[in-house]
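Heads up: the structure comes next, in structure tokens.
The values are calculated or read from the model by the stated rules, or taken from the named source; none is laboratory data. Computed from a predicted model, the values in this text were never measured in an experiment. Methodologically, a virtual Cβ is constructed for each residue, glycine included, from the backbone with ideal geometry; neighbour enumeration extends over all protein chains shown. To get the accessible areas, we keep the full protein, side chains included, count just its heavy atoms, and leave off ligands, DNA and RNA. Shrake-Rupley method; radii C 1.70, N 1.55, O 1.52, S 1.80 Å.
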Amino acid sequence: MKELILLGLKTSIILIVFGLGLNANLREITHLFRKPGLLIRSLLSMNVIMPTFAAILAAVFNLHPATKIALVVLGVSPIPPILPKKQFKAGGQAPYTFSLLVVASLFAIVFIPLAITLIGIVFSMPLQITSIAIAKLVFLSILVPLSVAILTRHYAPALAKRLVQPVSLLGSLLLLVSVLPILFTAWPAIRAVIGNGTLVALAAFIVVGLAVGHFLGGPKPEDRSILALATSSRHPAIALTIATANFPQQKLVPAAILLYLLLNVLASTLYIHGLRRTELDAKTKA
């Protein structure tokens with residue numbers, strides 16, 4: 001059953017990315033390469049500020065060991081696999097959304113092993129993860145389905161148009177079906193890590209991510225919302241891979257990562273609601 005649930009979770013992410021890619025084209029994917037200022041701010045927000053803040057939280061506060069590990073591995077896993085749906089709800093534009101997903105994925109192949117090595121040196125722990133392991137996850141969960149979808153749209157636009165809705169719906173339903181059993185079985189473990197500031201630390205990580213991304217997103221509101229959600233959201237599969245490879249004895253790390261995901265869903269929903277409320281108020285005053 002566990003194998004089936006994990007397979008369903010991985011398949012759902014691939015389907016969601018594939019469905020999103022059916023609406024993308026090559027020009028949208030390369031959007032950030034024509035915006036060097038936004039590109040640099042995006043990488044700074046997702047790959048420098050957040051890992052640093054996560055490391056500070058883990059070092060300064062007396063948190064549960066599983067929470068400390070979860071914060072560090074989440075901090076260096078900046079590729080949210082189902083982020084674009086959130087971004088579109090927040091008013092984000094397709095070019096920046098798709099381009100950021102691709103850039104973050106490619107950059108992670110080099111960045112994550114280097115970041116893990118640096119953190120290992122700072123904390124005097126022999127941490128490691130290979131570029132091959134990260135590349136495998138990135139290619140299989142994001143780049144391959146995205147590339148196939150773009151090619152489908154280019155060579156068979158009518159087919160791509162028909163597939164968008166059913167593929168996206170199937171991916172979302174499969175994600176829900178896969179996540180619910182995980183939540184049910186992992187709840188005792190989640191309860192075990194709650195305490196000693198775990199909720200506060202994870203919430204701070206998410207809120208700071210939203211704030212930093214919103215600030216560095218630039219003058220356009222749609223860019224700010226995209227980078228805010230991208231900075232606060234991380235790739236749970238990569239975080240789990242790093243944690244399992246380096247801390248196999250810490251059985252509660254997956255529960256801490258799952259708790260982060262739940263809190264992130266709540267915070268993202270509130271953030272999106274706040275943006276819509278602000279936009280509505282602005283229109284009313286106008």
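Somewhere in the stretch 185-199, is a residue at pLDDT 90 or above, among the hydrophobic types (A, V, I, L, M, F, W, C) and surrounded by fewer than 19 Cβ atoms within 10 Å (Cβ to Cβ)? Yes - at least one qualifying residue is present in the stretch 185-199. For the stretch 191-212, the tally of residues that are of a type in the set (Val, Ile, Thr) and within 23 Å of Asp223 (Cα to Cα) stands at 4.
When the test is whether a residue is out of contact with any Leu (no Cβ under 9 Å at 6 or more places or on another chain) and among the charged types (D, E, K, R), Arg191 passes it.
Screening Phe111, Phe88 for residues that are within 30 Å of Ile150 (Cα to Cα), modelled with pLDDT under 85 and open to solvent by 20 Å² or more (accessible area, probe 1.4 Å) leaves exactly one candidate, Phe88. Among the residues making up the stretch 118-162, a single one is hydroxyl-bearing (Ser, Thr, Tyr), part of a helix (DSSP H, G or I) and open to solvent by 70 Å² or more (accessible area, probe 1.4 Å): Tyr155.
Residue count for the stretch 269-286 satisfying the condition of being open to solvent by less than 50 Å² (accessible area, probe 1.4 Å) and either farther than 16 Å from Phe205 by Cβ or at pLDDT below 90 (or both): 3. Kindly evaluate Arg41 against the criterion of being without any contact (Cβ under 8 Å) to a residue 24 or more places away in the chain and of a type outside the set (Phe, Trp, Tyr). It is false that Arg41 is without any contact (Cβ under 8 Å) to a residue 24 or more places away in the chain and of a type outside the set (Phe, Trp, Tyr). Take Ala59 and tell me if it is of a type in the set (A, V, I, L, M) and closer than 25 Å to Leu137 by Cα. Taking the combined requirement at face value, the residue does not satisfy it. Six or more apart or on different chains, Cβ atoms under 6 Å: show the pairs whose first residue is in the stretch 209-222 and in contact (Cβ under 8 Å) with a residue 12 or more places away in the chain and whose second is assigned to a helix (DSSP H, G or I) and open to solvent by 30 Å² or more (accessible area, probe 1.4 Å). So the pair list comes out as Leu210/Tyr271; Val212/Ile49; His214/Arg224; Leu216/Arg41; Gly217/Arg224. Do we find a residue being open to solvent by 80 Å² or more (accessible area, probe 1.4 Å) and out of contact with any helix residue (DSSP H, G or I) (no Cβ under 8 Å at 6 or more places or on another chain) anywhere in the stretch 251-262? No, that holds for no residue.
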